[in-house]
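The values are calculated or read from the model by the stated rules, or taken from the named source; none is laboratory data. Only a predicted model underlies this, so the values are computations on that prediction, with no experimental measurement involved. Backbone-built Cβ (ideal geometry, glycine too); neighbour counts: all protein chains shown.
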Amino acid sequence: MDSDALIAKAKSMEDWLVALRRRLHMNPELGLEEVQTADAICRGLDELGIGYERRGTAIVGLLKGSEPGPTVALRADIDALPLTEENAIEYRSRKDGVMHACGHDAHVAIQMGAARILCGMREQMRGNAKLLFQPAEETEGGADVMVKAGCLENPRVERVYGLHVMPYLSVGHIELKKGALCGSSTTLKIVISGTGAHGAYPETGIDAILISANVVMALNALVSRYVSPLEQAVLSIGTIRGGTRSNIIADRVEMEATIRTTSAAVRDSLVGRTRAIVEGVADAFGGSGELSVSLGYEALINHDEAVDEIEAVARSLLGADRIAWKEKPSMGVEDFSFFIGERCGAFYHLGCGNEAAGIDAPLHSSTFNIDEGCLRIGAAMEAGLVLNYLEKASTGGQK
């Protein structure tokens, strides 16, 4: 891998990268509605002469090298968020209530930039690059759908890499973590049933609100008393609805909660104890409790070998002093976990912040923006990861 050539190629296309990202930023689309975004991606792949398959708004491009070899996949999520942008910029969102507040416009531009670099370096590629453009990361978990549809097959992917722009990191830096990077998500829906009565005669009814209050208190003690302090876990109750009037004993209360953890065993234990509390507490008060469980995204567990590969490329392109190591996982979720649940790979963070320029608003905020210098860095990194892996594979791991 020629680091100087990669950096030069990425820098030469900086204006193109910025223009592409701004076009995408002005025209954001929500999950599974990314039709114009997908159209733009397909036009870009056509211009580069890269073949692709499109299903709905999911796109899998295949860039073949000059000689046969393994296949490396890069992933970019493409959907936006239901927010109204408040940035006073010329390229602000043109759609009220929809905004690229999580940087997926940057992810698409970076991946298209990496594809453009690799197209000019096909002669160095002994193998292939798959370009996964994934819808619905923010909503339905489009990664899971793409994996089940076979995006990691034909040809079989041996490595998969993904990135996310991160505003708390200065542009020019990346952040890595081995092992668990993000938690899993599990949604709990709880229904407490009692018997309605007049508020003046509570003894004639079974108060679903009273039962629910005891359930809430018990659930809030689960993590502190049934999960080791050496594990990561969160159980948060987000909604509670019940009752109709101040003088009527409520006969039904509905609650929703989320469990976040990096351990499937901890998740299963918390679900089991939640069920015992919901049913047992309600029964003790003479009512009944029901729990329904919906498993969401799996925990994102990086493969150490792939993290080492990202570190090696970053050292070559950016320098060792530009690499930060994340100490603890986030309890946020990321559906890239479905890709690396099937193949060896890793996810990393790309700095897009610039505090001096006032670019430091958090992800998912109405004032989020990026230092666009991160686009060329990301494109060079992603192309470098493909070239580095294919070179390593072609030499039997010797460099």
Residue 273 vs. criteria touching a Phe, Trp or Tyr at 6+ places or on another chain (Cβ under 7 Å) and at pLDDT 95 or above: yes
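Does residue 115 count as at pLDDT 95 or above, within 23 Å of the chain's Cα centre (by Cα) and not in a loop (DSSP other than H, G, I, E, B)?
The answer is yes for residue 115.
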Hits in the stretch 360-378 - residues which are within 19 Å of the chain's Cα centre (by Cα) and buried (at least 24 other Cβ atoms within 10 Å of the Cβ): 368, 369, 370, 374, 375, 378
Matching entry among 83, 74 (being assigned by TED's automatic domain parsing to the domain that holds residue 168, hydrophobic (A, V, I, L, M, F, W, C), within 15 Å of residue 350 (Cβ to Cβ) and at pLDDT 95 or above): 74
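For every residue, the table says whether it meets (1) touching a residue at least 12 places away in the same chain (Cβ under 8 Å); (2) not in a loop (DSSP other than H, G, I, E, B).
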| site | (1), (2) |
| --- | --- |
| 31 | yes, no |
| 36 | no, yes |
| 44 | yes, yes |
| 62 | yes, yes |
| 74 | yes, yes |
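Within 30 Å of residue 309 (Cα to Cα) and surrounded by fewer than 21 Cβ atoms within 10 Å (Cβ to Cβ): does that describe residue 79?
no
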1 or more residues assigned by TED's automatic domain parsing to the domain that holds residue 192, touching a strand residue (DSSP E or B) at 6+ places or on another chain (Cβ under 9 Å) and among the hydroxyl-bearing types (Ser, Thr, Tyr): qualifying strands (runs of 3 or more DSSP E) within the stretch 267-371: 288-295
Subset of the stretch 117-139 [of a type in the set (Lys, Arg) and out of contact with any Lys or Arg (no Cβ under 8 Å at 6 or more places or on another chain)]: 126, 130
Residue identified as modelled with pLDDT of 95 or more, surrounded by fewer than 22 Cβ atoms within 10 Å (Cβ to Cβ) and either closer than 27 Å to residue 108 by Cβ or of a type in the set (S, T, N, Q) (or both) among 181, 176: 176
Subset of the stretch 146-160 (residues that are in contact (Cβ under 8 Å) with a residue 24 or more places away in the chain and either out of contact with any strand residue (DSSP E or B) (no Cβ under 6 Å at 6 or more places or on another chain) or not assigned by TED's automatic domain parsing to the domain that holds residue 51 (or both)): 147, 149, 152, 156
Among (1) modelled with pLDDT under 95; (2) buried (at least 17 other Cβ atoms within 10 Å of the Cβ) - the single one residue 188 does not satisfy: (1)
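Going residue by residue through the stretch 133-145, is there one that turns out to be in contact with a helix residue (DSSP H, G or I) (Cβ under 6 Å, 6 or more places away or on another chain), assigned to a loop (DSSP other than H, G, I, E, B) and either over 18 Å from residue 363 (Cβ atoms) or touching a residue at least 60 places away in the same chain (Cβ under 8 Å) (or both)? Walk me through it before giving the result.
Just the residues of the stretch 133-145 that are in contact with a helix residue (DSSP H, G or I) (Cβ under 6 Å, 6 or more places away or on another chain), to begin with: 133-136, 143-144.
With assigned to a loop (DSSP other than H, G, I, E, B) added as a condition, the list becomes 135-136.
Remaining after also requiring either over 18 Å from residue 363 (Cβ atoms) or touching a residue at least 60 places away in the same chain (Cβ under 8 Å) (or both): 135-136.
Within the stretch 133-145 (the criterion being in contact with a helix residue (DSSP H, G or I) (Cβ under 6 Å, 6 or more places away or on another chain), assigned to a loop (DSSP other than H, G, I, E, B) and either over 18 Å from residue 363 (Cβ atoms) or touching a residue at least 60 places away in the same chain (Cβ under 8 Å) (or both)), the answer is yes, since at least one residue qualifies.
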Of residues in the stretch 191-210 being among the small types (Gly, Ala, Ser) and part of a loop (DSSP other than H, G, I, E, B), the one surrounded by the fewest Cβ atoms within 10 Å (Cβ to Cβ): 200
Qualifying positions in the stretch 195-220 - under 17 Å from residue 279 (Cβ atoms) and under 40 Å from the mean Cα position of the chain (by Cα): 208, 210, 211, 212, 213, 214, 215, 216, 217, 218, 219
